[in-house]
Protein chains: 2
Amino acid sequence: MTDIDTNSIPERKRGSGVKMVYDLLRDEILDLVLPPGSPIDEVQLAERFKMSRTPIREALVRLAGEGLIETLPNRSTMVSNIDFLNLNTFFDALVLMYRVTTRLAARNYRPEDLAIIRGFHEDYAAAVQTRDALRMISTNAAFHAAIADAGRNPYFTSLFRRLLDEGRRILRLYYRSYDEHFPQRFVDEHAEILAAIEARDIEAADRLGKAHAEQIVAQVQKLFSRDVGIDIAL
Amino acid sequence: MTDIDTNSIPERKRGSGVKMVYDLLRDEILDLVLPPGSPIDEVQLAERFKMSRTPIREALVRLAGEGLIETLPNRSTMVSNIDFLNLNTFFDALVLMYRVTTRLAARNYRPEDLAIIRGFHEDYAAAVQTRDALRMISTNAAFHAAIADAGRNPYFTSLFRRLLDEGRRILRLYYRSYDEHFPQRFVDEHAEILAAIEARDIEAADRLGKAHAEQIVAQVQKLFSRDVGIDIAL
DNA sequence: TGTATTTTATTTGTCGACAAGAAAAACACA
DNA sequence: TGTGTTTTTCTTGTCGACAAATAAAATACA
C-alpha cells in the first residue's frame, strides 16, 4: 500500500498519451516550430515521449486526417507544405466562413457565449499591447473560433477551425522576426463585431465580419507581395 | 521460382489493408448497412478481414476523424448517430455549399471536368429510370462532388463531401422500403445546372444550385415530418 | 571515371501478446 | 427479495518484435 511509485516517473494515464502527442505536435506545426517539410520520425517521437510507436502512430494518423502532415506510403512522413500558389482559394473560404459564422453567432448566441468571446477579445487586446506576436495570432484565432461556436453549426465550425489553423501558420510566417504593426485597428474591429453580435444585428455582423476578413487578407497579401521569394524558401 | 503462392490466398499487399477496411466500413455506414448506433468490434473485424487489430484500428481512427463513428474511451465504439434535432444546421450548410461549389465550378472548370460531371449525370438519370434508390443516392452525391472538384477549392470541397456523405445516410433512411418518386425533376435540374456551368454563367449556376438544394431539403423535410417517430427508432 | 548491380541500412506496416479499465455477473448479507 | 460488494469477463490501449519496402551505400564491371 505504501510503496506505490517506488522509483518511477513514467506513471502516465491510459488514454492520455495519444492526446498529448497530438496536441503538442499540432501546436508545434501551427507555430512553425516544425516548419513545412520537416520530417516526422516515429521512433524519435517514441523515445522523446517514452512510449511505444503505437500511440505515436495514432496521433499521426489524426494529424494526417486534418491535412497537417503528409504521409508517403512506406517512406517518410513530413509536415504539410503551405500552398502559396493557391492562397486565393484559402482566402475565399476564409472570408466566407468569417461572414457565415459571425452572422450565425448574432442569431444563435446564448448569454454564456458572450463571456467566453469577450475573454478572448481581452486576451487579444493584451497581446497587441505587449506586442507578443505569437500570442496575437493564437488569441485572434481563439476569438473567432469562439464566435463560430456561438453560431452553433458544427459543420461550419469545423471548416472554420481548419482555416484558422492554416491561418496561424501563414501569419506566423510574417510576424516572425519583424514585429509588424498588428494594428490596433483589429482590436477595434473585434469590439465592433462583438457589439453587433450582442445586439443580434445579423446584417451588421455579416458586414463587419466580411470587412474584417478582407482587412486581414489584404494585409497578408501586402506582406506576401513584398517578399515574393518566400515561397521558394519553403 | 515456380512455387509462389503454393497454398495461400492471403497474399495481400502491404499498405492495402487499411484502405480496404476504411472504404468498406465507410460504404456500409453511408448505405446504412451499419445503422447509427451499431457497435464496431475490433476483434470481429480483424477476424473478418483476416488481419491484425492494428490496421483495423487505423481505419477506425480515420473514420472517427470524419465523424462517422464515435469512440467511448476504454469502452465501445459505434456508428455515429444522425442528429435529427439539428437537421436545420445540416440543411443550412448544405444549401450554402451547393451554391458556392456550383458557382465556383462555373468560374473555374476546365474542359476535362465536364466529361466527368456529365458521366455522373447520366449515371444518375439511368438510376432514376430504373428506380434504383441506392444508386440514385450515390450517383447524385457523386455528381455534385464532381462539380465541387471542378470549382477547385479544396476547403469547400472537403466540407461539401462530408455533407454529401451525411446526406447519403439521411436519404437512405427514406428511400429504403418505399421506392419514392425521386423525381424526374431532379434530373432536369441537374441538366440545367450543368448547362449553366458550361456557359460559365456564375449567377445562374448559383441560383440553380440554391433552388436545387432547397428542393431536396424541402422534400426531406416533408418526408421527415410525415413520420416523426423515426427519430425514436434510432 | 561512369554506370549497373548487389548489399546494407533505415523506416514503415503488421503482428501476437499482455495489462488496464469498465461493464456484467456472481456473490454476500440483510 | 433487494442492495452493496466482489469477481469475472470482455474490450480497448500499449508494447516489443519482426517483416516488407524503399533509399543509401558499396561493389563490380566497362
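Amide H neighbours of A:ILE69 under 5 Å, at least 5 residues apart or on other chains, H built in the peptide plane: list them.
Correct list: A:ALA64, A:SER80.
Take the protein assembly as shown, drop everything but the C-alpha atoms, weight them equally and run the Debye formula without solvent; then report log10 I(q)/I(0) at 0.13 Å⁻¹ to two decimals.
At q = 0.13 Å⁻¹ the computed log10 ratios are -1.44.
From the label point of A:SER76, set 7 Å along Cα to the beta carbon, how far off in nm is each other copy's matching point, shortest first?
Once sorted, the set of distances for A:SER76 reads 4.5 nm.
Ranked highest first by the average count of other Cβ atoms within 10 Å around their residues, in what order do B:124-134, A:54-64 fall? Show your work: numbers first, answer last.
Numbers: B:124-134: 16.7, A:54-64: 20.7.
Per-residue mean Cβ counts within 10 Å order the peptides as A:54-64, B:124-134.
Rounding to the nearest 20 debye, state how big the charge dipole of the protein assembly as shown is about its Cα centre with +1 on each Lys and Arg Cβ and -1 on each Asp and Glu Cβ.
Details: 62 positive and 70 negative charges, 42 e Å.
Using Cβ point charges on Lys, Arg, Asp and Glu, the protein assembly as shown gives about 200 debye.
Only helical DSSP H runs with n ≥ 4 go in: add -39500 (n - 2.57) per run for chain A, normalise by residue count and round the 222 nm mean residue ellipticity to 500 deg cm²/dmol. Display every interim value, and only then the final one.
On the way: 10 runs with 161 residues, N = 234.
Result for chain A: -23000 deg cm²/dmol, rounded to the nearest 500.
When N is the residue count of chain B, what does its C-alpha Rg come to as a fraction of 2.2 N^0.38 Å?
Details: Rg = 20.0 Å, N = 234, 2.2 N^0.38 = 17.5 Å.
So the Cα radius of gyration is 1.14 times the expected 2.2 N^0.38 Å.
Over the protein assembly as shown, how many pairs of lysines fall under 25 Å by alpha carbon, counting only those 8 or more apart in sequence or from different chains? Display every interim value, and only then the final one.
Numbers: A:LYS13/A:LYS50; A:LYS19/A:LYS50; A:LYS19/B:LYS19; A:LYS210/A:LYS222; A:LYS210/B:LYS210; B:LYS13/B:LYS50; B:LYS19/B:LYS50; B:LYS210/B:LYS222.
For the protein assembly as shown, qualifying lysine pairs total 8.
So what are the ³J(HN,Hα) numbers for segment B:121-138, from phi and the Karplus equation (6.51, -1.76, 1.60; θ = phi - 60°), rounded to whole Hz, Gly and Pro as x?
4, 5, 4, 5, 4, 5, 5, 5, 5, 8, 6, 8, 4, 4, 6, 4, 4, 6
Among residues other than A:ALA196 whose Cβ falls under 10 Å from its Cβ, what is the net charge (Lys/Arg +1, Asp/Glu -1)? Please report the intermediate quantities before stating the final value.
Numbers: positive: A:ARG103, A:ARG200, A:ARG207; negative: A:GLU192, A:GLU198, A:ASP201, A:GLU203, A:ASP206.
Counting the neighbours of A:ALA196, the net charge comes to -2.
Sorted by average packing, counted as other Cβ atoms within 10 angstrom per residue and highest first, what order do B:187-195, B:135-143, A:30-38 take? Intermediate results must be reported in sequence, preceding the final value.
Numbers: B:187-195: 18.1, B:135-143: 21.8, A:30-38: 16.6.
Output ranking for B:187-195, B:135-143, A:30-38: B:135-143, B:187-195, A:30-38.
Could you tell me whether segment B:104-192 comes out rounded, prolate or oblate from its Cα gyration tensor? Rule is a ≥ b ≥ c as square roots of the eigenvalues, rounded for a/c under 1.5, then prolate if a/b exceeds b/c, otherwise oblate. Let's see the in-between values first.
Working: a/c = 2.72, a/b = 1.51, b/c = 1.81.
Oblate shape, in that a/c is at least 1.5 and b/c is the bigger or equal ratio.
Where does helix A:202-226 land angle-wise versus the long Cα axis of chain A, in degrees 0 to 90, nearest 10?
60 degrees
Please tell me the relative contact order of segment A:84-233 in percent, rounded to the nearest whole number, where contacts are Cα pairs under 8 Å and at least six residues apart.
Details: 149 pairs, mean separation 55.7, N = 150.
Relative CO of segment A:84-233 lands at 37 percent.
Return the FRET efficiency for the residue pair B:ASP41, B:PHE84: r is the Cβ-Cβ distance, R0 is 35 Å, and the value is rounded to the nearest 0.05.
Values: r = 26 Å, r/R0 = 0.75.
After rounding, the FRET efficiency stands at 0.85.
Each value in this text was obtained by applying a stated rule to the coordinates, not by laboratory testing. Given the structure is predicted, the values throughout are model-derived calculations rather than measurements. All Cβ positions, glycine included, derive from the backbone under ideal geometry; neighbour counts span all protein chains shown.
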